[in-house]
Amino acid sequence: MRSRGLTESEEIHMCTSPEIHHLVDIPIRIPEKKIMHRLGYKGRSAPVNHGVSEMIKEQEAQLDSLLHPAALYRIIDYQETNRHPVFAEAEKVALCICTIGEELENTSGALIRDNEMLKGFILDSFGSEAAEETAIQADRIIAQAARDMGLWPSKRFSAGYGIWDIREQAYVFSMLPAEEIGVRLTDTFMMVPRKSVSFRINFYLNREQTTRRFR
């Protein structure tokens, strides 16, 4: 499944200002099997209700107008971090915020309020997958930036994972102009729109310091 009508030859556009990198026109491709999995169809042989299949196609047709994927990131030296233990041994750190915007979320919510529960859930599933795909695309670009610097990127980690407490979201947002892509942080450290992702990637001197796999 493909959104935004992008071809394989089209690339993500990067707009760079001092220190802050913006990613726009991010191609989002969502395999149908991922939506089916969210609906409970977890085996290849699982029979798919024709009505459900048509409903998925109906919601997919709206994605071009409902998805507005964007991301911004910043790469800083270790000395510029807040010295949290998760940054220990890193030469540099990339901080990133991604989103698909609020329009899909609002539309799926309206469907649910109108008792179109399955349609709303399917559209919400597309949104969750699209937000993750946006993060994957940003991760790929940041990892390549690390390699271009002669450094080795870690996997991406979000606040709330391990010892990096969810409250560290406030630090991420203090370092990035999230409002430029329409994202804000609540008092409970949740992001709005909900279909948003934030993360860090540590850049290390030695390959042995990272668990990321490289081809």
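Bear in mind these aren't lab numbers, they're just calculated from the coordinates by the rules spelled out. This one's a predicted model, so the numbers in the text were calculated from it and none came from an experiment. Heads up, the Cβs are rebuilt from the backbone with ideal geometry, glycines too, and the neighbour counts pull from every protein chain shown.
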Separation of the N49 and N206 label points, Cα + 7 Å toward Cβ, nm: 5.6 nm
Quote the FRET efficiency, to the nearest 0.05, computed for D64 versus T186 with a Förster distance R0 of 22 Å and r equal to the Cβ-Cβ distance. 0.15
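Quote the Stokes-Einstein diffusion coefficient, in whole µm² s⁻¹, for region 85-133, based on the Kirkwood radius over alpha carbon pairs, a temperature of 10 °C and a viscosity of 1.306 mPa s. Write out the running numbers ahead of the final one.
Working: Rh = 12.9 Å.
The diffusion coefficient I find is 123 µm²/s.
Using only C-alpha positions, report the orientation-averaged shadow area of the convex hull of region 60-145, nm², one decimal. Can you show the working numbers first?
On the way: hull surface 28.6 nm².
Averaged projected area of region 60-145's Cα convex hull equals 7.2 nm².
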Any GluC sites (Glu not before Pro) in region 104-151 that lie in a DSSP loop and have at most 16 other Cβ atoms within 10 Å would be E116
For K119, give me every one of the lysines with a C-alpha distance below 30 angstrom, ignoring sequence neighbours fewer than eight places off in its own chain. K33, K34, K42, K57, K195
Picking from S128, V48, I20, whose Cα lies most toward the positive end of the charge dipole for region 13-209 (charges on Cβ: Lys, Arg +1; Asp, Glu -1)? V48
